[in-house]
Amino acid sequence: MSPGSSRRERTVASTGALSSPCAIRYCSPGYRQRTNGHWDDREAFAQHARKLREVVASARIEVLDELRDGQRYADHHRVHVSKRDGTQVVQEVYLFAELDAEGRFARIEEITLMLEGAESDRDIGHMK
């Protein structure tokens, strides 16, 4: 984000960006993701997305800061989740990524910090 620009927000419906086609569209075939020390490949990420569709009614992503430099991308964002059971989860995420030649994610490494939610929600970032 450029200095003085406003934060960006994106609302994600549980049937939209959390679908398996999202993994295909935005993630390279050799995609790898590490969330809080847990590594997944593209298929495991797609399983995670399917599980989120069962649990999450909607989510809003608030991008606090981001940077792109060639094939590298980093951001700091918050994810505000409304679960189907009516409970809320807010997580702060620090994300570092590498993009492939087509602009898809080749690798993401992220650390999350739960700001709001039940202890059982702490691992929502890699649940399956």
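The values are calculated or read from the model by the stated rules, or taken from the named source; none is laboratory data. Not measured: the values here are computed from a predicted model. Protein only, heavy atoms only, side chains kept; ligands, DNA and RNA dropped before computing areas. Shrake-Rupley method; radii C 1.70, N 1.55, O 1.52, S 1.80 Å.
Side notes on the structure shown:
- Using 0.36 nm per residue and subtracting the Cα-Cα separation, the extra length available between Glu43 and Asp85 on full extension is 12.5 nm.
- Accessible surface, segment 19-76, averaged per residue in Å² (probe 1.4 Å): 56
- Size descriptors for segment 28-78 (Cα atoms only): Rg and Dmax, in that order, 13.3, 36 Å.
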